[in-house]
Amino acid sequence: KTAGKTTGRLVVMASAFSTVTFTAANWADATFPFIDVVVETAYTQCFWNGITGCGIFKVVGGVHTFNSCNYNGESSVKADYCTVNGGTWLGLMNFDIESNMIVNGMTSGGELCIQTSGLEIQSNFAIWGTAKIQADELFGAGSFSSFSNNPVFLDVQTNRLFLEGNFSFPSQAVNSSIKITAAKMARTATTRLLYLGAEAGVTVNYQLVVDTMGSIVPMEIGNPSGTVAGKVIELLKDENK
């Protein structure tokens, strides 16, 4: 591609289950040259290596793996499957994934929306700003955290919460809120699920809504210099507990 060319549409018409790889190092200025990518065939696997850029980035169709990608602007990924390995996404971000999405070391800053059947958190998922997550199943060994204690407004809605990690926001420097709604929680981990704290003059609001918490320890106040306010709502209880 020619350096400085950053607009246009790319249509990928590969056979189903084939592989297409985009590597930033192969381009003149390492900036992805298209703002709109359409994958015409189902389950075409696209690998994005080291993509950086700003503006508008739109992907429709296929299976996508983003390796160490950093994008700032407006990004939209509507696909069958999606994996994010590292990297920082800023601005307006929308992931509409038909099947599963995997997050393995991702940082989001701005306004993030994830809609997927299953969301697997493999390592750390750092949130900065607003994040709304809707998943039929939330699982994995990883955890949610804040990015450098920046403001977090996190709303998680799931039917089944099997996450073995936690939601760790121990030293919020500005007012934040964390809301988790789970129709079913089944964790083998016996450690804290929520780890909250605030610096002086800061308020962190939380709400945990769940059918049953089993034997887990739901919350721990880690740095109570500020205010942590909220409630735990247990909708249904197992009669054997």
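Values as computed for the structure displayed
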| quantity | calculated |
| --- | --- |
| Condition met for residue 196 (open to solvent by less than 40 Å² (accessible area, probe 1.4 Å) and in a strand (DSSP E or B)) | yes |
| Members of region 140-162 found to be modelled with pLDDT of 95 or more and not in a strand (DSSP E or B), listed by number | 140, 141, 142 |
| Residues within region 97-126 that are within 14 Å of residue 140 (Cβ to Cβ) and open to solvent by less than 10 Å² (accessible area, probe 1.4 Å), tallied | 8 |
| Looking only at region 36-61, and only at residues there that are farther than 12 Å from residue 22 by Cβ and in a loop (DSSP other than H, G, I, E, B), the one that is most open to solvent (accessible area, probe 1.4 Å) | 40 |
| Output for region 175-193, where each listed residue is in a loop (DSSP other than H, G, I, E, B), open to solvent by 60 Å² or more (accessible area, probe 1.4 Å) and closer than 24 Å to residue 226 by Cβ | 175, 191, 192 |
| Any hit, region 165-173, residues being over 20 Å from the mean Cα position of the chain (by Cα) and either among the acidic types (Asp, Glu) or modelled with pLDDT under 95 (or both) | yes |
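The values are calculated or read from the model by the stated rules, or taken from the named source; none is laboratory data. These numbers come from a predicted model, not from an experiment. For neighbour counting, all protein chains shown are included, and Cβ atoms are generated from backbone atoms with ideal geometry for every residue, glycine included. In case anyone asks, the SASA skips ligands and DNA or RNA and just uses the protein heavy atoms, side chains included. Shrake-Rupley method; radii C 1.70, N 1.55, O 1.52, S 1.80 Å.
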